[in-house]
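As structure tokens, the structure follows; a few thoughts come after it.
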Amino acid sequence: DGGITQSPKYLFRKEGQNVTLSCEQNLNHDAMYWYRQDPGQGLRLIYYSQIVNDFQKGDIAEGYSVSREKKESFPLTVTSAQKNPTAFYLCASSIAHTDTQYFGPGTRLTVL
Amino acid sequence: KQEVTQIPAALSVPEGENLVLNCSFTDSAIYNLQWFRQDPGKGLTSLLLIQSSQREQTSGRLNASLDKSSGRSTLYIAASQPGDSATYLCAGGANSGAGSYQLTFGKGTKLSVIP
């Protein structure tokens, strides 16, 4: 089955902790993205990567970090510097940067 | 910077009715526009992508149009079914302030199709 997987589905974090959200795709897509979704809000772009070993900040990158060491993987770390991390996080990929984006099932992060 | 608006925020229709969802955007230099569907607690499913050079795209009972001059896109759903109940999001693709392509999402229209 081709697609995008995200894990875990639910994640709980204590204040002051860093957590890493996983995103894997087997679609052979070059571009990958991380979005944040808050209730009643549109999706907001955190980071994106157009190619391995390269990534760019989106609109709300502060308090987050990413890596792109493999084409298939684009993990997102939510650091303790992110003051309001409770949200639904969505990963996406596309063949090229301007093509249709395909989304994973999401990770819901809650800060305790 | 691109802004995308979807009105109404929620819509309820009886089964079988044809309906139109609206999306407006501020940057007429849009590169493309994408429509997505989101079920509660799930990721987004791509429905249609319209390039800036196109006027419309069709997939089954769905038809999306794009009018760059007026800054509007519509998603037409024919013969609605209860399974169409979901939140529909539009996203405009344009150059961001940093000069790179970026999708800007609307807040969505929550559709309920009543049996």
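The values are calculated or read from the model by the stated rules, or taken from the named source; none is laboratory data. Quantities reported herein were computed from a predicted structural model and do not represent experimental measurements. Backbone-built Cβ (ideal geometry, glycine too); neighbour counts: all protein chains shown.
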- Of the residues in the range B:1-10, those that are buried (at least 16 other Cβ atoms within 10 Å of the Cβ) and either modelled with pLDDT under 95 or more than 14 Å from chain A (Cβ to nearest Cβ) (or both) come to B:2
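Scan the range B:63-84 for residues that are of a type in the set (Gly, Ala, Ser) and surrounded by fewer than 17 Cβ atoms within 10 Å (Cβ to Cβ) and jot them down. Working first, answer last.
Here is the first cut: in the range B:63-84, the residues of a type in the set (Gly, Ala, Ser) are B:64-65, B:69-71, B:73, B:78-80, B:83.
Across the range B:63-84, the qualifying residues are B:69, B:70, B:78, B:79, B:83.
Taking the range A:80-112 only, how many residues are closer than 14 Å to residue A:36 by Cβ and either more than 12 Å from chain B (Cβ to nearest Cβ) or hydroxyl-bearing (Ser, Thr, Tyr) (or both)? Explain how you work it out, then say what you get.
Residues of the range A:80-112 that are closer than 14 Å to residue A:36 by Cβ, as a first pass: A:82-92, A:103-104, A:106-111.
Then drop every residue that is not either more than 12 Å from chain B (Cβ to nearest Cβ) or hydroxyl-bearing (Ser, Thr, Tyr) (or both), which leaves A:82-87, A:89, A:107, A:109-111.
Qualifying residue count, the range A:80-112: 11.
Taking the condition of a type outside the set (A, V, I, L, M, F, W, C), modelled with pLDDT of 95 or more, surrounded by 14 or more Cβ atoms within 10 Å (Cβ to Cβ) and under 27 Å from residue B:107 (Cβ atoms), does residue A:104 pass? Lay out the reasoning, then the answer.
Working: of a type outside the set (A, V, I, L, M, F, W, C): yes; modelled with pLDDT of 95 or more: yes; surrounded by 14 or more Cβ atoms within 10 Å (Cβ to Cβ): yes; under 27 Å from residue B:107 (Cβ atoms): yes.
It is true that residue A:104 is of a type outside the set (A, V, I, L, M, F, W, C), modelled with pLDDT of 95 or more, surrounded by 14 or more Cβ atoms within 10 Å (Cβ to Cβ) and under 27 Å from residue B:107 (Cβ atoms).
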- Any residue at all in the range A:17-30 that is among the small types (Gly, Ala, Ser) and within 27 Å of residue B:90 (Cβ to Cβ)? no
- Residue that is surrounded by the fewest Cβ atoms within 10 Å (Cβ to Cβ) [pool: residues in the range A:40-60 that are more than 10 Å from every other protein chain (Cβ to nearest Cβ) and not in a strand (DSSP E or B)]: A:53
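Restricting the search to the range A:26-39, which residues are out of contact with any strand residue (DSSP E or B) (no Cβ under 9 Å at 6 or more places or on another chain) and surrounded by 21 or more Cβ atoms within 10 Å (Cβ to Cβ)? Steps first, answer last, please.
Step one: of the range A:26-39, the residues out of contact with any strand residue (DSSP E or B) (no Cβ under 9 Å at 6 or more places or on another chain) are A:28.
Once the filter is applied, which keeps residues that are out of contact with any strand residue (DSSP E or B) (no Cβ under 9 Å at 6 or more places or on another chain) and surrounded by 21 or more Cβ atoms within 10 Å (Cβ to Cβ), the range A:26-39 yields nothing.
So, in the range A:1-22, how many residues would count as being within 23 Å of residue B:35 (Cβ to Cβ) and not small (Gly, Ala, Ser)?
Of all residues in the range A:1-22, those within 23 Å of residue B:35 (Cβ to Cβ) come to A:2-4, A:6.
Now drop any that are not not small (Gly, Ala, Ser), which leaves A:4, A:6.
So the count comes out to 2.
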- Does the range B:24-46 include one or more residues that are touching a helix residue (DSSP H, G or I) at 6+ places or on another chain (Cβ under 7 Å) and either of a type outside the set (Gly, Ala, Ser) or under 24 Å from residue A:37 (Cβ atoms) (or both)? no
- Query: Hey, among the residues in the range A:68-112 that are free of Cβ contacts under 8 Å to residues at least 40 places away in the same chain and touching a Leu at 6+ places or on another chain (Cβ under 9 Å), which one's nearest to residue A:52 (Cα to Cα)?
  - Reply: A:100
- Note on the structure: Given the conditions (1) farther than 20 Å from residue B:10 by Cα; (2) in contact (Cβ under 8 Å) with a residue 60 or more places away in the chain, every one holds for residue B:78 apart from (1)
- Query: surrounded by 17 or more Cβ atoms within 10 Å (Cβ to Cβ), among the charged types (D, E, K, R) and in a strand (DSSP E or B) - does that describe any residue in the range A:67-81?
  - Reply: no
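Do we find that residue B:14 is under 30 Å from residue A:8 (Cα atoms) and loosely packed, with under 15 Cβ neighbours inside 10 Å in this structure? Break it down into steps so the answer makes sense when it comes.
Working: under 30 Å from residue A:8 (Cα atoms): no; loosely packed, with under 15 Cβ neighbours inside 10 Å: yes.
Answer is no for this residue.
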- Within the range A:1-29, work out how many residues are modelled with pLDDT of 95 or more and either acidic (Asp, Glu) or touching a His at 6+ places or on another chain (Cβ under 7 Å) (or both). 1
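Can you tell me how many residues within the range A:1-22 are more than 24 Å from residue B:88 (Cβ to Cβ) and either within 15 Å of the chain's Cα centre (by Cα) or facing chain B (nearest Cβ under 10 Å) (or both)? First the steps, then the outcome.
Residues of the range A:1-22 that are more than 24 Å from residue B:88 (Cβ to Cβ), as a first pass: A:1-2, A:5, A:7-8, A:10-22.
From what's left, either within 15 Å of the chain's Cα centre (by Cα) or facing chain B (nearest Cβ under 10 Å) (or both): A:5, A:7-8, A:10-11, A:18-22.
Adding up the residues that qualify gives 10.
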